[in-house]
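Peer 1: Input: one structure, supplied below.
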């Protein structure tokens, strides 16, 4: 197992993807995947060896395509952009691992007393939970509860907690997993152990997991009850009195969470009353296009209410939106169009749009 993993790691810059592709072919077509899966079970001829288990989980993660576990890639795919991560036989290996029963030992290892193994199991789950049947399978095996327990483990370091949060951000895209999270009161874990973490990686993945969770009404109510909106706005680090250091990855996932929460009228009001619209507007000045993209959509969803439209306009939202129509990223331009369509709602806002040069900018898109 170590030799196989070393083979996956070898190769100079530019050669490694080809080497991993050969590894996928050797394991997938050569019967190696069932051997690796067996090494994760009690039937392994070497016994329950933590080091072997950790290496085997790494092998399955690499064969599945580690890049696909990146929540930002998944988010872009959800938003309609093509995801370039799935290539070189990754999907074939993922499906074969699932078909051969690989999910069960992965989920079982979330309970491992060796937290390094548990963290690698969580990461391996994140690499495989890319479609609805797999997410459902992980939920049926009790994966949601075990991932929450792993996040709450006081002995787990930030790396392990981060892998658990990352796995939840993929699994919670299934509706039954969202319901299970509500039954387990998991929003408290995502907020206390995720959003309140000192690690920006944990914050980023926990915010994304929370975003998918609040598509379920009970979880959305828990978000408000646990003052989650306040914490999300604070995490943007975009208000004058903040003592946080801004982080673009955190801002992107937090803006995504706020954009989904804004479909609820009570959340929209809370975002407006707690300076969330100002924070989101300030995020439009970021040099990171993904932050601009998500902040624009959050503002657009808040702009369903007239008080929010007026507040966004007073904060320069019309001018900012028109300025972003010339952005080089098409996703930013698209979201700017959506936001502007909701900000122009009466004669005065229409006049503001014309005076800021919106007609000419829109015509050039």
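A short reminder: the numbers here are calculations on the coordinates, not readings from a lab. The structure displayed is predicted, hence computed values, not measured ones. Positions of Cβ are backbone-derived with ideal geometry, glycine not excepted, and every protein chain shown enters the neighbour counts.
Peer 1: Which is crowded, with 17+ Cβ neighbours inside 10 Å, touching a residue at least 12 places away in the same chain (Cβ under 8 Å) and over 23 Å from residue 211 (Cα atoms), of 299, 343? Walk me through how you get there before you give the answer.
Peer 2: Numbers: 299 fails: over 23 Å from residue 211 (Cα atoms).
Criteria check complete, one pass: 343.
Peer 1: Now a separate question. What about residue 154, is it assigned to a helix (DSSP H, G or I) and surrounded by fewer than 24 Cβ atoms within 10 Å (Cβ to Cβ)? Full working, then the answer.
Peer 2: Working: assigned to a helix (DSSP H, G or I): no; surrounded by fewer than 24 Cβ atoms within 10 Å (Cβ to Cβ): yes.
The answer is no for residue 154.
Peer 1: Now, a different point. Going by the conditions given, is residue 271 surrounded by 13 or more Cβ atoms within 10 Å (Cβ to Cβ) and either in contact (Cβ under 8 Å) with a residue 12 or more places away in the chain or under 26 Å from the mean Cα position of the chain (by Cα) (or both)? Working first, answer last.
Peer 2: Details: surrounded by 13 or more Cβ atoms within 10 Å (Cβ to Cβ): yes; either in contact (Cβ under 8 Å) with a residue 12 or more places away in the chain or under 26 Å from the mean Cα position of the chain (by Cα) (or both): yes.
Taking the combined requirement at face value, the residue satisfies it.
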